[in-house]
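The values are calculated or read from the model by the stated rules, or taken from the named source; none is laboratory data. Source: prediction; values computed, not measured. Here Cβ is always computed from backbone atoms with ideal geometry, including for glycine, and neighbour counts include all displayed protein chains. What goes into the accessible areas is simple: the full protein's heavy atoms, side chains included, and nothing from ligands, DNA or RNA. Shrake-Rupley method; radii C 1.70, N 1.55, O 1.52, S 1.80 Å.
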Amino acid sequence: MMTRLFRVFAIAISSFLLFSINLPSALAAQTINWSYGGTENPTQWGHLSKDFALCELGKAQSPINISEAANSSPANINFDYKPSPLEVVNNGHTIQVNYAEGSKVTIEGNEYALLQFHFHTPSEHYINGQASPMEMHLVHRDQSGHLAVVAVMLSEGMSNSLVSQVWEHLPAYGEVSNVGNLLINAVDLLPSKRSYFSYDGSLTTPPCSEGVSWNIFTEPVKVSKEQIEKFAQIFRVDARPLQPLNNRTTQLHN
Ligand SMILES: [Zn+2]
């Protein structure tokens, strides 16, 4: 038990560090509690710590409602995902699957390594004013520390086999399920059509760091009603509300 808890702690710190490139003072933020409801809800995040100030003051925050993309250009995204032993973390905010090294995505010629993917309900982004039941975020980082998130809307339909495998190994709060003999491939959670919207935004969780490249597939992936409900039993809502677009533009790549 001790080793498992220690491991969760170590993972929490390392994921935190991943999100804190160029933010050395943000290290202290790892002990600050935040939530999706109650007194630490998203409208309060910016006041919980000075390291979370961007949550309140940032002008390029995520998520957003994506409507009429102003510009369009050809899709330029290529996935090179490899199988990874299944490692599932319940960090108290979401279910996160940590990914083995060696998988990458190339977006507009920039190469990013896949670190982890995790889930939100309902979706954080809206497309033309519409939310989806869930949204998955595949978090990537390039060699200079820039983050690129590939987002997939999850809508209700047939069950997804990769989601089934993850849900079968859901850890309790603060714990990790290591299923080293079960190889998964995140490519099984990508839609067949590779059109996507892109815009510049932020992490959707504290410390709300900006400079994140968002890439959101136009086509959803199906998951079953039971799969949505199973996640919602653990996290009824784990979605940050929509943020102002300000003077940003979105691009459609197809
Ligand atoms: Zn997310």
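A few points about this structure:
- Where strands (runs of 3 or more DSSP E) sit wholly within the range 72-128, those with at least 2 residues that are touching a Phe, Trp or Tyr at 6+ places or on another chain (Cβ under 7 Å) and either at pLDDT 95 or above or small (Gly, Ala, Ser) (or both) occupy 84-90, 95-98, 104-107, 110-120.
- For residue 39: the one exception among (1) free of Cβ contacts under 8 Å to residues at least 12 places away in the same chain; (2) open to solvent by less than 40 Å² (accessible area, probe 1.4 Å): (2)
- Counted residues, the range 221-254 - those being surrounded by 14 or more Cβ atoms within 10 Å (Cβ to Cβ) and of a type in the set (Lys, Arg): 4
- Evaluated against (1) away from the ligand (no atom under 14 Å from the Cβ); (2) within 18 Å of the chain's Cα centre (by Cα); (3) open to solvent by 10 Å² or more (accessible area, probe 1.4 Å); (4) closer than 24 Å to residue 212 by Cβ, residue 144 falls short on exactly one condition, (2).
- Residue 188 being open to solvent by 40 Å² or more (accessible area, probe 1.4 Å), away from the ligand (no atom under 16 Å from the Cβ), under 23 Å from residue 113 (Cα atoms) and of a type in the set (D, E, K, R): yes
- Between 158, 136, the distinction of being under 14 Å from residue 189 (Cβ atoms), touching a residue at least 40 places away in the same chain (Cβ under 8 Å) and within 16 Å of the ligand (Cβ to nearest atom) belongs to 136 only.
- The condition (being within 16 Å of the ligand (Cβ to nearest atom), farther than 30 Å from residue 44 by Cα and over 13 Å from the mean Cα position of the chain (by Cα)) is satisfied by just one residue among 112, 81: 112.
- For the range 162-174, the criterion of being modelled with pLDDT of 95 or more, assigned to a helix (DSSP H, G or I) and touching a Leu at 6+ places or on another chain (Cβ under 6 Å) is satisfied by at least one residue.
- Per the conditions (1) surrounded by fewer than 19 Cβ atoms within 10 Å (Cβ to Cβ); (2) within 20 Å of residue 175 (Cβ to Cβ); (3) more than 15 Å from the ligand (Cβ to nearest atom), the sole criterion not satisfied by residue 87 is (1).
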